[in-house]
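These notes concern the structure reproduced below.
The values are calculated or read from the model by the stated rules, or taken from the named source; none is laboratory data. These numbers come from a predicted model, not from an experiment. As a convention, Cβ positions derive from the backbone with ideal geometry for all residues, glycine included, and neighbour counts pool all protein chains shown. When the accessible area is computed, the model is the full protein with side chains, heavy atoms only, and any ligands, DNA or RNA have been set aside. Shrake-Rupley method; radii C 1.70, N 1.55, O 1.52, S 1.80 Å.
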Amino acid sequence: MSSHSSPVLQPMIHKLRYWHDLDEADEQAILSLPYRTKRIERSGYIVRERGATTHACLMLSGFAIRHKVFGDGARQIVAIHMKGDLVDLQNSFLGVADHSVQVLTQSEIALIPREEIKRLAFERPAVGMAMWFDTLVDGSIFREWIGNVGRRDARTRIAHLLCEFSLRLKVAGLGEETDYELPMTQEQIADAVGLTAVHVNRTVKLLEAEGLISRRSNRSVTVGDWRKLAATGDFDSNYLHLKEDEPALA
């Protein structure tokens, strides 16, 4: 278990500072947290549903999804996470996982003991407030995803998802608003938007035919007309709670 002000946890500071001001002592307390790093191969699990949880997980690289598997084997993806995200604050504090967290790509994570996260949140109120904001925004995104699956048609659902990824990847420094690599297969997109992979394939081709997107490969997305794609996806970024002066979006 490592500590002693390691820069490995710097992405955690970057993320929490986005939600609340942190002073030098707050940041030093974060960097001094004990942790251990772990590399997980593509499709590996960070935690499985019903598993005991003792650590919070910080994404250092790669992408991860939250998902539920139902009695008939169907899977519903309910969130995607990327570098800097504290993906398992929810499961870790509850003690037993009520859903699974699985990586999409080879990923590196930092595992921080749950009790140390609790201690930090109470000893450093600004850090605790930032963590609270982070979970509140997670909840806001969950609500939008529920609305996306429950009330939008296939074309709108997928356009909305592509718009969300473009903004989140750009803010995280992992892509451009109109040109990025989508870290999901069509089957995984289908599980995120409640469609079949065949329906996703047909809908993506429709968006291409309309000139809203183009693709150099199966994973690449180039947005032809951002405003039209956003209108098609009924997309309003308010639920992401990005800063009005977000420099990445200038």
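Structure data summary
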quantity: Hits in region 61-74 (condition: part of a loop (DSSP other than H, G, I, E, B) and either surrounded by fewer than 20 Cβ atoms within 10 Å (Cβ to Cβ) or of a type in the set (Gly, Ala, Ser) (or both)); calculated: Gly62, Phe70, Gly71, Asp72, Gly73, Ala74
quantity: Condition met for Val127 (touching a residue at least 60 places away in the same chain (Cβ under 8 Å), touching a helix residue (DSSP H, G or I) at 6+ places or on another chain (Cβ under 7 Å) and under 15 Å from Pro11 (Cβ atoms)); calculated: yes
quantity: Some residue of region 210-225 being in a loop (DSSP other than H, G, I, E, B), of a type in the set (A, V, I, L, M) and closer than 26 Å to Leu58 by Cβ; calculated: no
quantity: Qualifying residue in region 33-40 (condition: part of a loop (DSSP other than H, G, I, E, B) and either within 20 Å of Glu187 (Cα to Cα) or open to solvent by 70 Å² or more (accessible area, probe 1.4 Å) (or both)); calculated: no
quantity: Conditions (1) open to solvent by 40 Å² or more (accessible area, probe 1.4 Å); (2) modelled with pLDDT of 90 or more; (3) more than 16 Å from the chain's Cα centre (by Cα); number of the one not met by Ala52; calculated: (2)
quantity: Hits in region 232-250 - residues which are free of Cβ contacts under 8 Å to residues at least 24 places away in the same chain and closer than 23 Å to Gly150 by Cβ; calculated: Asp236, Asn238
quantity: 3 or more residues within 27 Å of Leu22 (Cα to Cα), open to solvent by less than 10 Å² (accessible area, probe 1.4 Å) and aliphatic (A, V, I, L, M): qualifying strands (runs of 3 or more DSSP E) within region 75-189; calculated: 107-113
quantity: Test: residue in region 15-32 that is at pLDDT 95 or above, under 13 Å from Cys57 (Cβ atoms) and buried (at least 19 other Cβ atoms within 10 Å of the Cβ); calculated: no
quantity: Selected residue [outside any helix (DSSP H, G or I), surrounded by 13 or more Cβ atoms within 10 Å (Cβ to Cβ) and touching a residue at least 12 places away in the same chain (Cβ under 8 Å)] from Leu195, Leu207, Leu229; calculated: Leu195
quantity: All positions within region 182-198 that are closer than 19 Å to Asp234 by Cβ and out of contact with any helix residue (DSSP H, G or I) (no Cβ under 6 Å at 6 or more places or on another chain); calculated: Ala192
